[in-house]
Amino acid sequence: MAASRATSKRGLGIQVYVTIVVLVAGIGVFAYLQYAAKRPQATLQLTPDANAYVRNLQLSDVTMKATANYMKQMVVEIEGKITNAGDRPIDVVEINCQFYDSYEQLVLRQRMAIVSEKMGGLKPGETKQFRLAFDELPQSWNQGMPRLRIAGVKFSS
C-alpha cells in the first residue's frame, strides 16, 4: 500500500511539472508573437537612384471594392497592376496608401509591399497584379480611392 501511494505521489509530481513546462512554453510563445507583431520592420528607403527610376513603374487598372469578411467586418480591397517599363529588375516595391477625410486631411497612411522577392520580383517589361486589403479604416475616411505613392524600391543585385 505504501508503494502504491509513493507511485501515485510521484506520478502526480510529473504531471504537475509537465503542466508547468507547457504553460511556461505557451506564455513564451505568446509573448514572442506579441513582440514580433509590435517590432518595427526595416523600412525600405527611396534612394535617389530609385526615385529617378519610379517613373518607369506604372500602376494601372487600380480598383477599389468593399466586402464583408466572415466576421461581418467591412474589408476594403484595392487591386491593380504594376508594370516595370524600365530596364532594371526589381526585388521589392513598397507603396504608401494615403486615406483622407472629407476635408482632405490625412486620416491614415499605411505602407505595403506590392512586389516582393517571394513573388519573384518584377523583371523589365513585366506586369504583375497586386491586392491590398484593409480591415481597420478610420470612420472619418471619405470612402474615396486612397492616393498610392511609391515609397520604396529595391533593385535586384
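The values are calculated or read from the model by the stated rules, or taken from the named source; none is laboratory data. What you see is a predicted model, and the numbers here were worked out from it, not measured in a lab. Neighbour counts run over all protein chains shown; Cβ positions are idealised from the backbone, glycine included.
Annotations for the structure displayed:
- Residue in the stretch 56-63 that is in a strand (DSSP E or B) and within 15 Å of the chain's Cα centre (by Cα) present: no
- Which listed residue is part of a strand (DSSP E or B) and touching a residue at least 40 places away in the same chain (Cβ under 8 Å), from Val107, Val92: Val92
- Residue, nearest to Val93 (Cα to Cα), within the stretch 125-157, restricted to residues that are of a type in the set (Ser, Thr, Tyr) and touching a strand residue (DSSP E or B) at 6+ places or on another chain (Cβ under 7 Å): Ser156
- Positions within the stretch 99-124 being exposed (fewer than 13 other Cβ atoms within 10 Å of the Cβ) and aliphatic (A, V, I, L, M), in sequence order: Leu106
- Residues satisfying the stated conditions in the stretch 56-82, i.e. crowded, with 16+ Cβ neighbours inside 10 Å, at pLDDT 95 or above and of a type in the set (Val, Ile, Thr): Ile78, Ile82
- Hey, Lys154 under 20 Å from Pro48 (Cα atoms) and touching an Asp or Glu at 6+ places or on another chain (Cβ under 6 Å) or not: yes
- Selection status of Ala133, aliphatic (A, V, I, L, M), surrounded by fewer than 16 Cβ atoms within 10 Å (Cβ to Cβ) and not in a strand (DSSP E or B): no
- Exactly one residue out of Lys118, Lys128 is of a type outside the set (Phe, Trp, Tyr), assigned to a strand (DSSP E or B) and more than 15 Å from Val54 (Cα to Cα), and it is Lys128.
- Among residues of the stretch 64-75 that are assigned by TED's automatic domain parsing to the domain that holds Arg131, those with a beta-carbon under 7 Å from a residue that is in a strand (DSSP E or B) and among the hydroxyl-bearing types (Ser, Thr, Tyr) at least six positions away or on a different chain give the pairs Val75/Thr67.
- Only one entry in Lys123, Lys118, Lys81 is without any contact (Cβ under 8 Å) to a residue 40 or more places away in the chain and under 16 Å from Leu59 (Cα atoms), namely Lys123.
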